[in-house]
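> One structure, as structure tokens, below. Some questions next.
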Amino acid sequence: MTTPVSLALAIGALVAGAVVGYFLARARTRREEARPPGPTVAELLERLVRSSANGIVVLNRFGDMVLHNPRAYELGLVKVNQADARARAAAEQVVETDEPMEIDLSPLEARGRQPEAVLGQVRPLGDGFTVVEAVDHSEAIRLEAVRRDFVANVSHELKTPVGAIALLTEAVLDAAEDVEEVRRFGGKILRESTRLGQLVTELIALSRLQGAERLPDLNVVEVDAVVREALGRTTLSAESADIRITTDNPSDLLIEGDRTLLVTALSNLLENAVAYSPAGSPVSISRRLADGMVEIAVTDRGIGIAEEEQQRVFERFYRADKARSRATGGTGLGLAIVKHVAANHGGSVGLWSRPGTGSTFTLRIPAHVRPEPATEPAKGTKTSPAPRQEKTPERTPRLVVTGQDSPDHGGNL
């Protein structure tokens, strides 16, 4: 039986609990009202990691990823949802020693316009966790390499035409009264100065391709337009050498690239073919699509290149036939420029050659995939604009263009 005292105690406890609950709820409401609007510290830290220009990955003691940002994928720190094996091995060592360390995370193979020099720093976070931070040093490495190579190239190559111009000028001064001698030496000075100007121009172009300047943005480019413009540039030298250039039929192929650089590369291949072919021999251009790559092949019936020299022809200033290079005024930089243009487009350049038979240089560039034709949108629906596409006006060179050459890129001459 409940006594009045116990009933009073129960009612008092109930009232006291209600009062305490009321004040606690009111205090909680005040704290929530006093809390400033916006993200929490944890949310801001997550945003910071994801927006960082460096690749960041947090690993646990087992090497599993706990956190990473999109930049880690771009730098190759994360592949197929796993951290780079070099980073995981370094993280294990950092957990054991509790000391930070630096590692080289540069790509093991060339990837065109992708980062080439990536340096990683692994730091302990405690409790078996580590953070790997990857920084892209490609631009600094390229600039240093360009500076070093440019100084070496200038000191090695420019001294020859400069010295020749100085000697020829002295000869002109000594023969000032002899009109025939002045005319003869003057012609030589003109040839040397022209070669000097071409050498400087190609050195600057090569330094840009190697990273001294920011690479141009890639656009959708018509392969047929590149071939037409390259043919136009080679018209004069081909006619002077009595070389007949033929092409296969238009292909309507598209590639992702910079039209100016691509035309320069193809022009260099054509000029090279003309320079190393005997008068009256043919040079042909063919193009095709193979395994997602557009292949543009330039085939000549010239002197050919020995097998032991085929890997070196893409080096700066290397000349397979030095006597012919001097006679044609070549600088030895044309094929090096072609190689770097291809690499900067994520492609490559190949060579098939046989001495006494001829050569085939094949420029391979990733193809642009045409978008699927979209169905007509419903009335009032907005559509996305088509990707930008560069077009070149039709310019018909004074060269023979036929469809008779086989587009065989294997070098069967």
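> Sequence-distant or interchain residues sharing an amide H contact under 5 Å with G346, placed H: which?
HN-HN under 5 Å from G346: R113.
> So if each residue of separation counts as 0.36 nm, and I subtract the Cα-Cα distance between S348 and A166, what length gain in nm does that give?
On the way: separation 182, 0.36 × 182 = 65.52 nm, distance 4.05 nm.
This chain segment gains 61.5 nm when fully extended.
> Pop out the ³J(HN,Hα) list for the stretch 164-180 in order, Karplus 6.51 cos²θ - 1.76 cosθ + 1.60 with θ = phi - 60°, rounded to Hz; leave Gly and Pro as x.
5, 4, 4, 5, 5, 5, 4, 5, 5, 5, 5, 9, 4, 7, 9, 5, 5
> Would you please give the residues with an amide H less than 5 Å from that of V283, counting only those at least 5 places away or on a separate chain, with H modeled from the backbone geometry?
Distant-sequence amide H within range of V283: R244, I245, T246.
> Using the Karplus curve 6.51 cos²θ - 1.76 cosθ + 1.60 with θ = phi - 60°, work out ³J(HN,Hα) for each residue of the stretch 293-307 in order, rounded to whole Hz, and write x for Gly and Pro.
Each residue's phi maps through the Karplus curve to give 10, 8, 10, 10, 10, 10, 10, 10, 10, x, 6, x, 10, 5, 4 Hz.
> Using packing as a proxy for protection, rank 176-182, 225-231, 46-52, 71-77 so that the peptide with the highest average count of other Cβ atoms within 10 Å comes first.
Numbers: 176-182: 10.6, 225-231: 22.9, 46-52: 13.0, 71-77: 19.7.
Highest-to-lowest ranking by the protection proxy: 225-231, 71-77, 46-52, 176-182.
> While we're here: Can you give me the long-range amide H partners of L125? Hydrogens built in the peptide plane at 1.01 Å from N, cutoff under 5 Å, separation of 5 or more residues or another chain.
Excluding prolines and chain starts, which carry no amide H, the hits are T130, V131.
> With every protein chain left in place, what is the accessible area of D84 in Å² (1.4 Å probe, nearest 10)?
In the full protein context, D84 sits at about 20 Å².
> Which is farthest toward the positive dipole end of the stretch 66-111 among A83, Y73, Q93, measuring Cα position about the Cα centre, with Cβ charges +1 (Lys, Arg) and -1 (Asp, Glu)?
Highest projection toward the positive end goes to Y73.
The values are calculated or read from the model by the stated rules, or taken from the named source; none is laboratory data. These numbers come from a predicted model, not from an experiment. Please note: Cβ atoms are built from the backbone with ideal geometry, for glycine as well, and neighbour counts cover all protein chains shown. With ligands, DNA and RNA removed, areas are computed over all heavy atoms of the protein, side chains included. Shrake-Rupley method; radii C 1.70, N 1.55, O 1.52, S 1.80 Å.
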